[in-house]
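The values are calculated or read from the model by the stated rules, or taken from the named source; none is laboratory data. In this text the structure is predicted, and so the values were computed from the model without any measurement. Glycine also receives a Cβ, built like all others from the backbone with ideal geometry; neighbour counts cover every protein chain displayed.
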Amino acid sequence: MAPKPHRVLLDRVSGYADEAAAYMRRRRVSRRPFARLYYPNGRSADHADDSSAGAELFVAAGRLIEVAGKRPKA
Amino acid sequence: MADVPATEVALGDAAEAALGFLTEMSPDLRGAAILDSTGAVLAAAEDPERWREDAAALFEIADRAGAEPVEQVHVATEQGEVFALRHAGLAAIAVTERFALASLMFFDMRSTLRDLATAGRRADKSTVTRQIGPSTPGEG
């Protein structure tokens, strides 16, 4: 017997949700710190944390994170 | 406050409102600041002086890293993420939780600065109109 149409739709939607959740999980696990600069002409440049500019950017960003502090729990 | 121009006060108020709106729109936001073209803080989550110094340092390092001034900066660390954007003669800095969506964050920051710049121009125009007065007698 063929499944009811709404079952097919529900399966498809939950399939997409599973894919999205897996993508977000992989992103959390695999993503490393980075520093990226964007220029007005659309060009962008990545700076590794072992380069001098990259290291300075991470230090400056760290200070800003410190100023912002932790987000108050809702 | 007596010697502060009316446009600066108006822009500061608008920046405070814009910052509040940005905070409301972005659930991942921990703190943010809006600066004018001179680097002065128009609005900040707290401690404007620290925001001014650290934002200036970030833009200075970012500008030095390339041949031309940067438009956007995105630094993702283990502790959080920093977004900085220059637009329409203003700058915005935001610190978020990890894994905030960069495109959305930059979009919100850009639209906030665009609205603020428009409000600033409007305030400028009304101040000039007040100073000069109506161009013909009986007008206004």
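Look at (1) at the interface with chain A (Cβ under 9 Å from one of its Cβ atoms); (2) at pLDDT below 95; (3) on the phi < 0 side of the Ramachandran plot; (4) surrounded by fewer than 17 Cβ atoms within 10 Å (Cβ to Cβ) and you find that B:ASP115 fails only one, number (1). Applying a threshold of 6 Å to beta carbon distances and a minimum spacing of six or more residues, or different chains, the list of pairs starting in region A:39-68 at a residue that is over 15 Å from B:GLN79 (Cα atoms) and ending at one that is among the β-branched types (Val, Ile, Thr) and assigned to a helix (DSSP H, G or I) reads A:GLU56/B:ILE61.
Keeping to region B:87-112, report how many residues are assigned to a strand (DSSP E or B) and surrounded by fewer than 20 Cβ atoms within 10 Å (Cβ to Cβ).
Total satisfying the criteria: 1.
Taking the criterion of being surrounded by fewer than 17 Cβ atoms within 10 Å (Cβ to Cβ) and either under 17 Å from B:GLY89 (Cβ atoms) or within 7 Å of chain A (Cβ to nearest Cβ) (or both), the residues of region B:65-78 that qualify are B:GLY66, B:GLU68, B:PRO69, B:GLU78.
Results for (1) within 7 Å of chain B (Cβ to nearest Cβ); (2) in contact with a Lys or Arg (Cβ under 6 Å, 6 or more places away or on another chain); (3) surrounded by 13 or more Cβ atoms within 10 Å (Cβ to Cβ), shown as yes or no for each residue.
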site: A:SER30; (1), (2), (3): no, no, no
site: A:ASN41; (1), (2), (3): no, no, no
site: A:HIS47; (1), (2), (3): yes, no, yes
site: A:GLY54; (1), (2), (3): no, no, yes
site: A:ALA60; (1), (2), (3): yes, no, yes
site: A:ARG63; (1), (2), (3): yes, no, yes
site: A:VAL67; (1), (2), (3): yes, yes, yes
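Out of B:ALA88, B:ALA56, B:ALA92, B:ALA45, one residue alone is in contact with a helix residue (DSSP H, G or I) (Cβ under 7 Å, 6 or more places away or on another chain) and modelled with pLDDT of 95 or more. It is B:ALA92.
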